[in-house]
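Student: Shown below is the structure under consideration.
The values are calculated or read from the model by the stated rules, or taken from the named source; none is laboratory data. These figures come from a predicted structure and were not determined experimentally. As a convention, Cβ positions derive from the backbone with ideal geometry for all residues, glycine included, and neighbour counts pool all protein chains shown. Surface accessibility is based on the protein's heavy atoms, side chains included, excluding ligands, DNA and RNA. Shrake-Rupley method; radii C 1.70, N 1.55, O 1.52, S 1.80 Å.
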Amino acid sequence: MADEVVLLDLYVSMYGMRVRLALAEKGVKYEYKEEDLRTKSQLLLQMNPVHKKIPVLIHNGKPICESLIIVQYIDEVWKDKAPLLPSDPYQRAQARFWADFIDKKLYDAGKKICTTKGEEQEAGKKEFIEILKVLEGELGDKPYFMGERFGFLDIALITFYSWFHAYETLGNFSIEAECPKLISWAKRCMQKESVSKSLADPKKVYEFLVVMYGL
Amino acid sequence: MASDEVVLLDFWPSPFGMRVRIALAEKGVKYEYKNQDLWNKSPLLLQTNPVHKKIPVLIHNGKPVCESLIVLQYIDEVWNHKAPLLPSDPYLRSQAKFWADFVDKKIYVLGWKTWSTKGEELEAAKKEFIDCIKLLEVELGDKPFFGGETLGIVDVSLIPLYSWFSVYEKFGNLSIEPECPVFVAWAKRCLEKESVTKSLPDQDKVCDYALWRRKVLGYE
């Protein structure tokens, strides 16, 4: 069956990268369409009229929105290879909980580092590191978050790794110094081809932020 | 499964807690309800939800599950013998999750603003609240429920709002039924179900609670 898969995305978006990564894990061929968020395409507005955001996966003409929902969809449709979520309901609930935690907390803390200075920025850095430390605790001594196999929760977090260089440069701090185990995990993930080819170049992320925030 | 131990840490006016009560009722699961004092959190709550320290928390055979939409999906997967909350088709599942997520991101936040803000902020929140309900009306279409013939995850996520309607209308000076008759008709259909009526508190009690909160928070 000739599946038609299109991804509306933004190269530097950590949310878009999650979808690219899931598609790569499953070996799914797709057409990538880069969006300009200042002049959103008709296709984007039509496919995501509610939020008008990327990523949007369009599978045989039907749109799916919200990155974690898309990753779960990909896992269910292309279920014969590389399962992303565990099969046990309790393990699945834990994976979803931590992915939701990342979504609720990490982006906003990172944004503070990029867009503020002085005391406010210090507070942002502290918050950001605290969040990463909680995640490091959850990882423990396991190679990946859910155990021996790379999966859903690794996908949810690893894409933020491409933004670490920008956060470190703008915040003048070292994430590795504070969270060495997490950085080890990130480097382990980066050895996978699906990860290294799906994550944006950290330098390009930094350049993008400099332009976006007028830094 | 023989001798399942199910405990729900909850707070009676919480719409997020109500979602879990409805789901457990739909599935016919017996459980122990433990109402929590959110201003004096119990060791059990702090131990089972150390990250957010919030209700609802479902404790199944000693293992906690947190975040109401995640709890709903867990309940649906474990007690999969009856009353499915999600469809089996992956595309329809993704759409149901999308709209449940929309309810979380928009409806509750805006509803909260209708009783906790004033002036321009209140007027903007009211308008957006009604616009979002209207979007949901379009999504519902001619179906009796978002889940089709039976309650689905979107219905369960959204119907607890009904117990807060009198709060939004009173403090926000809002009139929901004339603006959103399809939505109100849907709500009344949900209220015909025992799983819903036994899970939702009385609107007047919720109003009294909101009045007390407004005084405590200095909105009055």
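Student: Give the accessible surface of chain A per residue, rounded to a whole number of Å², with probe radius 1.4 Å and ligands, DNA and RNA excluded. Intermediate results must be reported in sequence, preceding the final value.
Tutor: Working: 9980 Å² over 215 residues.
Dividing the accessible area of chain A by its residue count gives 46 Å².
Student: Looking at the range A:71-163, which GluC sites (Glu not before Pro) are in a loop (DSSP not H, G, I, E or B) and have at most 16 other Cβ atoms within 10 Å?
Tutor: Details: sites: A:Glu76, A:Glu119, A:Glu120, A:Glu122, A:Glu127, A:Glu130, A:Glu136, A:Glu138, A:Glu148; in loops: A:Glu148.
Loop-located and lightly packed - A:Glu148.
Student: A further question follows. For the range A:189-215 and the range B:153-199, what is the separation of their C-alpha centers, rounded to whole Å?
Tutor: A separation of 44 Å, based on Cα centres.
Student: Then there is this: Using a probe radius of 1.4 Å on heavy atoms only, what accessible surface per residue do you get for the range B:1-83? Whole Å² is fine. It would help to have the intermediate numbers written out before the result.
Tutor: Working: 3680 Å² over 83 residues.
Ligands and nucleic acids excluded, the figure is 44 Å² per residue.
Student: At a 1.4 Å probe, what is the % contribution of carbon and sulfur to the accessible area of the range B:124-220?
Tutor: Percent of accessible area from carbon and sulfur atoms in the range B:124-220: 50.
Student: Would you mind calculating the relative contact order of the range A:14-118 from Cα pairs under 8 angstrom and at least 6 residues apart, reporting the percent as a whole number? Display every interim value, and only then the final one.
Tutor: Details: 61 pairs, mean separation 23.7, N = 105.
Normalised by residue count, the contact order of the range A:14-118 is 23 percent.
Student: For the range A:110-199, give the percent of accessible area contributed by carbon and sulfur heavy atoms, probe 1.4 Å, rounded to a whole number.
Tutor: Values: 1920 of 4100 Å².
Answer for the range A:110-199 is 47 percent, counting heavy atoms of protein chains only.
Student: Quick one: grab Rg to one decimal and Dmax as a whole number for the range B:95-220, Cα atoms only, in Å.
Tutor: 14.4, 44
Student: What is chain A's relative contact order, in percent, from Cα pairs under 8 angstrom and six or more apart in sequence?
Tutor: Values: 255 pairs, mean separation 47.5, N = 215.
In percent, rounded to a whole number, it is 22.
Student: Give me the accessible area buried between chains B and A, both sides summed, with a 1.4 Å probe, in Å² rounded to the nearest 100.
Tutor: Details: alone 11190 and 11100 Å², together 20050 Å².
So the buried area, both faces added, is about 2200 Å².
Student: While we're looking at this one, here's another question. Could you please report the charge total around B:Ile55, scoring K, R as +1 and D, E as -1 over all other residues with beta-carbon less than 10 angstrom from its beta-carbon? Numbers along the way, then the final one.
Tutor: On the way: positive: B:Lys34, B:Lys41, B:Lys53, B:Lys54; negative: B:Asp10.
Net charge in that neighbourhood comes out at +3.
Student: Something else about it: Test of understanding: extend the Cα→C-beta vector of A:Arg188 to 7 Å, then name every residue of the range A:138-163 with backbone N under 16 Å from that spot.
Tutor: Within reach of a label on A:Arg188: A:138-159.
Student: So if we plug the beta-carbon distance of A:Ala2 and A:Asp80 into 1/(1 + (r/R0)^6) with R0 = 22 Å, what FRET efficiency do we get, rounded to 0.05?
Tutor: Efficiency, rounded to the nearest 0.05: 0.80.
Student: Related question: Taking a cut-off of 31 Å, what percent of all Cα-Cα pairs in the protein assembly as shown are separated by more than that?
Tutor: Numbers: 42422 of 94395 pairs.
For the protein assembly as shown, the fraction of Cα-Cα distances above 31 Å is 45 percent.
Student: Computed over the Cα atoms of chain B, what is the convex hull's projected area averaged over all directions, in nm²?
Tutor: On the way: hull surface 49.6 nm².
Over all viewing directions, chain B projects a mean Cα-hull area of 12.4 nm².
Student: Just to check, using Stokes-Einstein with a Kirkwood Rh over alpha carbon pairs, what's the diffusion coefficient of chain A at 20 °C and 1.002 mPa s in µm²/s? Could you put the intermediate results ahead of the total?
Tutor: Numbers: Rh = 17.9 Å.
Rounded to a whole number, D works out at 120 µm²/s.
Student: Using only the alpha-carbon atoms of the range A:105-215, report the extent along each of the three principal axes, biggest first, to the nearest angstrom.
Tutor: 41, 28, 21
Student: Ok, one more. I need the trypsin sites (Lys or Arg not before Pro) found in the range B:1-83, filtered to DSSP loop residues with at most 16 other beta carbons within 10 Å of theirs.
Tutor: Values: sites: B:Arg19, B:Arg21, B:Lys27, B:Lys30, B:Lys34, B:Lys41, B:Lys53, B:Lys54, B:Lys82; in loops: B:Lys27, B:Lys30, B:Lys41, B:Lys53, B:Lys54, B:Lys82.
Sites meeting the loop and neighbour criteria: B:Lys30, B:Lys41, B:Lys53, B:Lys82.
Student: Then there's this: Which entries in B:Lys41/B:Lys106; A:Lys105/B:Lys54; A:Lys26/B:Lys63 show an alpha-carbon gap greater than 21 Å? Let's see the in-between values first.
Tutor: Details: B:Lys41/B:Lys106 27 Å; A:Lys105/B:Lys54 15 Å; A:Lys26/B:Lys63 32 Å.
Result: B:Lys41/B:Lys106; A:Lys26/B:Lys63 exceed 21 Å.
Student: Ranked from highest to lowest mean number of other Cβ atoms within 10 Å per residue, what is the order of the peptides A:61-67, B:183-189?
Tutor: A:61-67, B:183-189
Student: Over chain B, what is the mean sequence separation of C-alpha contacts under 8 Å (at least six apart), divided by residue count, expressed as relative contact order in percent?
Tutor: Numbers: 260 pairs, mean separation 46.0, N = 220.
It comes to 21 percent, rounded to a whole number.
Student: Still on this structure, I have one more. Mind checking the log10 I(q)/I(0) for the range B:1-121 at q = 0.10, 0.12, 0.15 Å⁻¹? Debye, one equal scatterer per Cα, no solvent, two decimals.
Tutor: Debye intensities relative to I(0), on a log10 scale: -0.36, -0.50, -0.76.
Student: Which of the trypsin sites (Lys or Arg not before Pro) found in the range A:77-124 are in a DSSP loop and have at most 14 neighbouring Cβ atoms, other than their own, within 10 Å? Show your work: numbers first, answer last.
Tutor: Details: sites: A:Lys79, A:Lys81, A:Arg92, A:Arg96, A:Lys104, A:Lys105, A:Lys111, A:Lys112, A:Lys117; in loops: A:Lys79, A:Lys81, A:Lys117.
Qualifying residues, ordered by number: A:Lys79, A:Lys81, A:Lys117.
Student: Determine the shielding of peptide B:66-74 by partner chains: average, over its residues, the number of Cβ atoms on other chains within 10 angstrom of each Cβ. All intermediate terms of the calculation are to be shown ahead of the outcome.
Tutor: Working: counts 5, 6, 0, 2, 8, 3, 0, 5, 7.
Taking the mean over all residues of the peptide, I get 4.
Student: Is there a simple number for the mean count of other chain Cβ atoms within 10 Å of the Cβ of residues in A:92-104, and what is it?
Tutor: The per-residue average across the peptide is 4.
Student: While we're here: May I ask for the equivalent-ellipsoid semi-axes of the range B:160-220, computed as the square root of five times each C-alpha gyration tensor eigenvalue and listed largest first in whole Å?
Tutor: Working: eigenvalues 110, 51, 7 Å².
Semi-axes from the Cα gyration tensor: 23, 16, 6 Å.
Student: Continuing with this model, one more query. Which of the three applies to the range A:133-181, rounded, prolate or oblate, going by the alpha-carbon gyration tensor with a ≥ b ≥ c and a/c under 1.5 meaning rounded? Write down the numbers at each step before the final one.
Tutor: Working: a/c = 3.20, a/b = 1.73, b/c = 1.85.
Since a/c reaches 1.5 but b/c is at least a/b, the shape of the range A:133-181 is classed as oblate.
Student: Would you tell me the mean number of C-beta atoms belonging to other protein chains that fall within 10 Å of each C-beta in B:86-93, as a whole number? Don't skip to the answer; put the middle values down first.
Tutor: On the way: counts 0, 0, 1, 1, 10, 8, 0, 5.
Per residue, the average neighbour count from other chains is 3.
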